[in-house]
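Here the structure comes first, spelled out in structure tokens, and everything after it is commentary.
The values are calculated or read from the model by the stated rules, or taken from the named source; none is laboratory data. From a predicted model like this one, the values you see are computed outputs, not experimental measurements. Ideal geometry is used to build each Cβ from the backbone, glycine not excepted, and the neighbour counts take in all protein chains shown.
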Amino acid sequence: MNKCKTCGQEIKESIKQVIKAKTLEWGAVSDTEMNWEDAKKWCAAQGKGWRLPTRVELVQAFDEGVLTGDNRYFWSSTEVYNNPAAAWAVRLYNGYTYSSTKTDQAYVRCVRP
């Protein structure tokens, strides 16, 4: 049994995650807000390879200074795991993530590899 050296609690499991480095091209911002389903369609209509970014991609772009300063919420493709009626949006002004119902409105910034 493994125990935390600091707190003494049992460490039950560990999860290893490998995130591949990738280069992404970020598209223009939508002129208007739209619901999540329309956001996915809007990205697909941009042409080959365009899609909604994942929550991790949006937050990472914020953290790395690629997308910053925009005080609006942007849809991600990441659905809320325990609520199929909701997905994550990210505010690029401060990196705040927010779970929102898919019928709510947010802006869109598509991405492609």
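Exactly one residue among 41, 48 is part of a helix (DSSP H, G or I) and either surrounded by fewer than 15 Cβ atoms within 10 Å (Cβ to Cβ) or of a type in the set (Asp, Glu) (or both), and that residue is 41. Would the range 97-110 turn up any residue that is assigned to a strand (DSSP E or B) and in contact with a Gly (Cβ under 7 Å, 6 or more places away or on another chain)? Yes, the range 97-110 contains at least one residue that is assigned to a strand (DSSP E or B) and in contact with a Gly (Cβ under 7 Å, 6 or more places away or on another chain).
Selection of the range 58-96 for residues being over 13 Å from the mean Cα position of the chain (by Cα), farther than 22 Å from residue 44 by Cβ and part of a strand (DSSP E or B) yields only 83. Could we say that residue 3 is more than 17 Å from the chain's Cα centre (by Cα) and at pLDDT 85 or above here? In short, no.
Give the range 65-105 a look and list any residue that's touching a helix residue (DSSP H, G or I) at 6+ places or on another chain (Cβ under 7 Å) and touching a residue at least 60 places away in the same chain (Cβ under 8 Å), or say none. Residue satisfying the conditions is 102 alone.
Please determine whether any residue of the range 12-24 is touching a strand residue (DSSP E or B) at 6+ places or on another chain (Cβ under 8 Å) and at pLDDT 85 or above.
Of the residues in the range 12-24, the ones touching a strand residue (DSSP E or B) at 6+ places or on another chain (Cβ under 8 Å) are 24.
After this cut, where a residue has to be at pLDDT 85 or above as well, the list is 24.
Taking every residue of the range 12-24 in turn, at least one turns out to be touching a strand residue (DSSP E or B) at 6+ places or on another chain (Cβ under 8 Å) and at pLDDT 85 or above.
Considering only residues in the range 53-106 that are of a type in the set (Gly, Ala, Ser) and surrounded by 17 or more Cβ atoms within 10 Å (Cβ to Cβ), the one that is farthest from residue 37 (Cα to Cα) turns out to be 61.
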